[in-house]
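Down below is the structure, laid out as structure tokens.
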Amino acid sequence: MHSRRVFIAVSTLLIAVLACTVGQAGPNQDDLPATITAQALTLQAPSATPAPPTETGTPPATTTPTVPQVSVSSATNCRTGPSIAYTLLFTMQPGLVAEVVGKHTPSGYWIIKYPNGQCWLWGQYASVSGNLSALPEYPQPPTPTPSKPAAPENFKASTSCTPGELFFQNLHVELTWADVATNEEGYRIFRNDQLLYTLSANSTGAEDDTTIGGLLIILTPGGPTATPYPGHKYSIRAFNGDGNSPARELYAKCP
């Protein structure tokens, strides 16, 4: 049906063109067939169908991780509450990442998950990421009853000596012990009952360089193996706000 209408239109146009050009003389009459053909092709050419609109995709939305996480820049203790009065449960090391489940804004502590449950992490060296707005505020647990720390165990000394001036020898002492206390604030090291060092909590070793009188050792009854002999006595105590642990003692001498 469409082709028939096109044919009628073309025929009508052809008749009109012939009527307008009859009797006209001139060289342009030679172009008449080409003109009619071009106009007929124009009428028969189907109109261009517009392309359907292209559907534009929506870029995926970027989201911030919703689970808060924490890492530390220095070894940090994690306790049962927000101070050293609470029991030490875990020491978080740099490179580890833990999930944060709560906060205690007044003390700056974060409540985190650790392998055995939850603990309170000091925020001094902590870096926290994620959605923090939904974190619950934890109430402070009751303060534990104060107690003195446990004494360190396995207190040992390794020594080495080099010749010194006159009858003295240079004595190098390396002290080690097992940290078994969970509520200590630190350790105090004594040499001959005089305070030598105050160390931080969780410490397990210290060194000392001093001298020892070689002539006195020789003149001591029993020789260098006499106990005690004129050497140096070392002792150690753990301490906290409630007091000191029992002391551990040893004598250091040249091998």
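The values are calculated or read from the model by the stated rules, or taken from the named source; none is laboratory data. Quantities reported herein were computed from a predicted structural model and do not represent experimental measurements. Positions of Cβ are backbone-derived with ideal geometry, glycine not excepted, and every protein chain shown enters the neighbour counts. Calculation scope for accessible area: heavy atoms of the full protein, side chains included, ligands and nucleic acids excluded. Shrake-Rupley method; radii C 1.70, N 1.55, O 1.52, S 1.80 Å.
When Asp209, Asp179 are compared by accessible area at a 1.4 angstrom probe, the order from most to least is Asp209, Asp179. With θ taken as phi - 60° and the Karplus curve 6.51 cos²θ - 1.76 cosθ + 1.60 applied, the whole-hertz 3J(HN,Hα) list for segment 161-178 is 10, 10, x, x, 6, 6, 9, 8, 10, 7, 10, 10, 10, 10, 9, 9, 7, 9 Hz, x standing for glycine and proline. A cut-off of 5 Å between modelled amide H atoms, ignoring neighbours fewer than 5 places along the same chain, links Leu89 with Cys78, Arg79, Thr80.
Counting only protein heavy atoms and using a 1.4 Å probe, the accessible area of Trp120 comes to about 20 Å².
Rounded, prolate or oblate: which fits segment 87-147, taking a ≥ b ≥ c as square roots of the Cα gyration tensor eigenvalues, rounded meaning a/c under 1.5, else prolate when a/b beats b/c?
Since a/c reaches 1.5 but b/c is at least a/b, the shape of segment 87-147 is classed as oblate.
Anisotropy class assigned to segment 144-204 is prolate, per the alpha carbon gyration tensor with a/c at or over the 1.5 cut-off and a/b larger than b/c.
Per-residue accessible area (protein heavy atoms, 1.4 Å probe) orders Tyr138, Tyr251 as Tyr251, Tyr138, starting from the largest.
For segment 191-201, backbone phi angles converted through the Karplus equation (6.51, -1.76, 1.60; θ = phi - 60°) give residue-by-residue couplings of 10, 6, 6, 10, 4, 9, 9, 10, 10, 6, 4 Hz, Gly and Pro being listed as x.
Charge tally around Tyr251: other residues with Cβ under 14 Å, Lys/Arg +1 each, Asp/Glu -1 each, net +2. Shown in residue order for segment 144-158 are the 3J(HN,Hα) couplings computed by the Karplus curve 6.51 cos²θ - 1.76 cosθ + 1.60 at θ = phi - 60°: x, 5, x, 8, 6, x, 6, 6, x, 10, 6, 6, 9, 9, 10 Hz (x for Gly and Pro). Listed by chain and number, the aspartates and glutamates placed with their C-alpha closer than 20 angstrom to that of Lys253 are Glu165, Glu174, Asp193, Glu207, Asp208, Asp209; residues fewer than eight positions away on the same chain are left out.
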